[in-house]
Amino acid sequence: MDTPLKQLKDWILKRHPERDEIPADLDLIENRLIDSLSFVEFVFLLEQVSGRSIDMDTINVDDFRCLGTIEERFLTPIG
């Protein structure tokens, strides 16, 4: 079974076949790997793989800028 982070990477890479890797610190928004049209779909996927609900009314876009931040913010165990 793929890890949640790998599932997110695979989702992005599927939409950007010109890339073969995404560094953990690459700004996904600035580099247009996640744009305004795909953002909601990405958040939905993140909810599925993390098992956590994400309140769209309180989203901070900086939490979604890079895979390292996403992993830290949404994929590490709460506790």
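The values are calculated or read from the model by the stated rules, or taken from the named source; none is laboratory data. Bear in mind the structure is a predicted one, so any value in this text is a computation, not a measurement. Don't worry about glycine lacking a Cβ; one is built from the backbone with ideal geometry, like all the others, and counts go over all protein chains shown.
I'm told N31 meets every condition in (1) loosely packed, with under 13 Cβ neighbours inside 10 Å; (2) part of a loop (DSSP other than H, G, I, E, B); (3) polar (S, T, N, Q) except one. Can you identify the failing condition by its number?
Among (1) loosely packed, with under 13 Cβ neighbours inside 10 Å; (2) part of a loop (DSSP other than H, G, I, E, B); (3) polar (S, T, N, Q), N31 violates only (1).
On the given criteria, is E21 exposed (fewer than 15 other Cβ atoms within 10 Å of the Cβ), out of contact with any Phe, Trp or Tyr (no Cβ under 8 Å at 6 or more places or on another chain), touching a residue at least 24 places away in the same chain (Cβ under 8 Å) and not small (G, A, S)?
So E21 fails the test.
Filter the range 39-52 down to residues that are more than 11 Å from the chain's Cα centre (by Cα) and modelled with pLDDT under 95 and give me whichever is surrounded by the most Cβ atoms within 10 Å (Cβ to Cβ).
So, considering only residues that are more than 11 Å from the chain's Cα centre (by Cα) and modelled with pLDDT under 95, the one surrounded by the most Cβ atoms within 10 Å (Cβ to Cβ) is R52.
State all residues of the range 1-44 that are of a type in the set (A, V, I, L, M) and farther than 15 Å from R73 by Cβ; if no residue qualifies, say none.
Matches in the range 1-44: M1, I12, L13, I22, L26, L33, L37, V40.
How many residues are surrounded by fewer than 15 Cβ atoms within 10 Å (Cβ to Cβ) and either in contact with a Pro (Cβ under 9 Å, 6 or more places away or on another chain) or polar (S, T, N, Q) (or both) if we restrict to the range 63-79?
Residues flagged as surrounded by fewer than 15 Cβ atoms within 10 Å (Cβ to Cβ) and either in contact with a Pro (Cβ under 9 Å, 6 or more places away or on another chain) or polar (S, T, N, Q) (or both) within the range 63-79 amount to 2.
Please name all residue pairs, on different chains or six or more residues apart, with Cβ atoms under 6 Å, provided the first residue is in the range 47-60 and is of a type outside the set (D, E) and the second residue is at pLDDT 95 or above and part of a loop (DSSP other than H, G, I, E, B).
Hits for this filter: zero, empty list.
Report, ordered by the first and then the second residue, all pairs with beta carbons closer than 7 Å, sequence separation of six or more or different chains, a first member in the range 61-73 that is of a type in the set (S, T, Y), and a second member that is part of a helix (DSSP H, G or I).
Note: pairs meeting the criteria are T69/D63.
Taking L13 as the residue in question, decide whether it is outside any helix (DSSP H, G or I), surrounded by 15 or more Cβ atoms within 10 Å (Cβ to Cβ) and at pLDDT 95 or above.
When the stated conditions are applied, L13 does not pass them.
Return yes when N60 is surrounded by fewer than 16 Cβ atoms within 10 Å (Cβ to Cβ) and modelled with pLDDT of 95 or more and no when it is not.
So N60 does not fit the description; no.
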